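Heads up, the thing below is written out as structure tokens.
The values are calculated or read from the model by the stated rules, or taken from the named source; none is laboratory data. What you see is a predicted model, and the numbers here were worked out from it, not measured in a lab. Quick reminder, even Gly has a Cβ in these numbers, built from the backbone with ideal geometry, and neighbours come from all protein chains shown.
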């Protein structure tokens with residue numbers, strides 16, 4: 001299926017993707033991986049799923065700095081990063097074995113390339129410490145020489161007997177049948193290999209490359225030899241089906257993974273391979289915007305996966321009310337992401353390298369934003385397939401290192417604290433803008449502190465700040481100046497705010513100015529619903545209501561923080577605001593203000609916008625003829641002068657400029673007079689400038705000017721002395737007031753004191 005052969009179809013992809021099942025049988029919406037997975041128990045090292053070429057490319061990626069590596073298809077990329085993931089999982093055991101045989105003591109040069117030593121030792125263990133086949137040995141020698149692994153390969157092979165004995169002693173010591181039993185509990189599960197074998201392959205359709213669903217179905221039939229089935233039917237090797245929750249989503253059998261990755265459908269970006277857990281959030285975000293009928297610009301706070309961001313942009317492109325998607329926190333990969341989106345044909349997205357929380361409050365990028373898809377960094381502890389996450393992020397080895405940590409270190413604790421802080425700041429920044437109507441928060445974590453606790457505490461703090469703000473506006477709270485010893489101003493809250501604290505004891509806000517309540521306890525502070533947030537229920541993605549699975553079963557946590565009263569900044573709202581503020585006339589404003597008073601109080605965001613009043617226009621001044629219009633007029637005499645009076649007045653030298661000129665000339669003459677009388681030394685201008693001592697010449701003039709001022713001041717104090725030079729006399733314009741015309745004043749009322757005219 002080629003792009004130039006695709007034709008526009010009357011059926012939209014969004015329509016055909018979300019269709020309720022016609023079957024009377026209620027579908028079971030649990031993840032397909034749970035139905036397809038089978039438990040396997042193996043003894044000894046697992047099977048080798050990688051090639052010699054994969055080892056070579058993994059060695060290039062593990063080099064410091066990494067060597068750029070290209071992959072032939074999606075499946076090869078998965079194999080390489082799966083191998084690196086397993087090496088990171090077993091690195092603690094491999095390090096113990098290497099330390100037991102004093103490997104780095106015998107080979108000190110290898111300590112700089114420790115990750116590559118782990119890689120080749122892990123491969124040697126899975127070969128049961130035996131030689132490679134003759135064919136693989138010749139290929140490995142050529143590839144390892146090119147990637148710089150040949151020396152490491154020879155060093156590991158020379159100590160193979162010692163390393164095998166060391167690994168055996170570790171297993172015997174801990175009574176482990178398999179090496180994986182020596183790992184921490186969170187790394188023992190072979191979830192990557194299990195997920196690759198039994199979890200279905202999911203893709204979303206790129207509607208910028210595919211315009212017709214019938215052509216796509218024919219291309220899948222021709223390329224992959226698969227047939228379409230209903231969602232409730234069991235997925236087989238020769239079939240595929242459409243997803244019931246996410247629009248533009250297709251589900252394939254896990255056995256078709258390699259064939260699909262090597263097909264032209266994926267290589268030409270018509271189908272984008274993406275795990276479903278990373279697309280539930282964008283699908284929910286798009287549905288919320290459609291249900292609320294909002295219009296404007298939306299934001300994604302962090303570009304965690306460019307494929308997920310592209311899927312969100314693809315869904316939003318079908319909504320005519322959404323202008324653009326703004327994605328932040330791209331960092332130094334901004335150009336890489338932009339090139340990827342251009343390859344997909346997606347144009348309704350704008351990438352920013354800086355973080356959303358670093359934007360200034362008056363940034364023009366936030367003027368039309370009405371919703372935020374908050375995807376801050378998280379622990380990714382609920383991710384079922386970390387390899388899919390890494391591949392979708394373009395190959396992020398730091399993510400693999402974080403997911404395979406075995407010990408609680410100080411650096412790890414700092415990273416967790418940084419993650420929680422960024423999550424909180426992102427949510428507070430998103431909910432602090434008055435035009436933003438809802439925030440959808442997404443994590444892939446099982447930790448409660450990143451999910452429900454984070455949402456409840458942030459919403460409580462935002463609502464508390466809104467209450468304090470309105471109490472200050474209403475005059476029920478007042479600001480006090482901080483003391484000199486305090487660098488920051490704290491908040492002293494009254495007992496009226498106790499109802500805003502959650503049951504878990506939210507800490508008071510400490511970033512607001514110091515406030516002392518001056519109202520009675522019985523008085524209440526009125527806060528409009530449009531300024532308060534509430535944790536709302538997520539929309540139902542499944543068309544069969546009541547049978548849809550929960551989102552957290554897909555490894556994704558979502559929370560919707562929405563305003564209690566949504567304000568739609570559409571044309572109708574703007575007209576109502578203009579009528580209430582009298583922009584269409586005073587009479588209309590008075591009539592509408594009575595009827596709309598209650599409604600505006602609920603819908604108007606606080607604080608109210610300051611409207612600049614238009615100054616009264618002087619019609620006479622604007623209608624006055626100009627010099628050009630007079631010159632082109634037919635009623636002007638031929639011999640009359642058309643000179644502009646303003647231009648004629650500007651041709652005269654201003655009095656201030658004339659005074660400065662005369663003063664400068666007078667000071668120059670005084671200095672020359674003093675030089676002739678040998679009171680001041682003479683300065684030869686020509687010699688100084690020709691020698692290039694312009695700076696010295698200027699400095700000498702400044703010093704002489706100061707001396708001139710001192711001499712003139714002394715001579716003026718001594719009245720008996722004769723002035724050495726005439727005093728300065730500034731010229732005056734005596735004709736300045738000759739042409740003045742008095743303006744007549746019309747007296748309409750004259751009052752006289754009562755003492756002159758007593759009342760009889």
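Hand me the list of helices (runs of 4 or more DSSP H) wholly inside region 90-192 holding 2 or more residues that are surrounded by 18 or more Cβ atoms within 10 Å (Cβ to Cβ).
Fully inside region 90-192 and qualifying: 91-100, 114-126, 134-147, 150-158, 160-173.
In region 215-251, how many residues are more than 18 Å from residue 272 (Cα to Cα) and part of a helix (DSSP H, G or I)?
Count: 1.
State yes or no: is residue 516 modelled with pLDDT under 50 and either under 30 Å from residue 388 (Cβ atoms) or in a strand (DSSP E or B) (or both)?
Yes: the conditions hold for residue 516.
Quickly run through region 324-354 and pick out the residues that are touching a residue at least 60 places away in the same chain (Cβ under 8 Å) and under 21 Å from residue 422 (Cα atoms).
Within region 324-354, the subset touching a residue at least 60 places away in the same chain (Cβ under 8 Å) is 333, 343-346.
Scanning region 324-354 gives a single hit, 333.
So that you can scan it fast, the table gives a plain yes or no per residue for (1) closer than 28 Å to residue 69 by Cα; (2) out of contact with any strand residue (DSSP E or B) (no Cβ under 9 Å at 6 or more places or on another chain); (3) assigned to a loop (DSSP other than H, G, I, E, B); (4) modelled with pLDDT under 90:
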site	(1), (2), (3), (4)
302	yes, no, yes, no
309	yes, no, no, no
326	no, no, no, no
361	no, yes, yes, yes
370	no, no, no, no
382	no, no, yes, yes
390	yes, yes, no, yes
394	yes, yes, yes, yes
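Pick out the one residue from 430, 449 that is touching a strand residue (DSSP E or B) at 6+ places or on another chain (Cβ under 8 Å) and in a helix (DSSP H, G or I).
430
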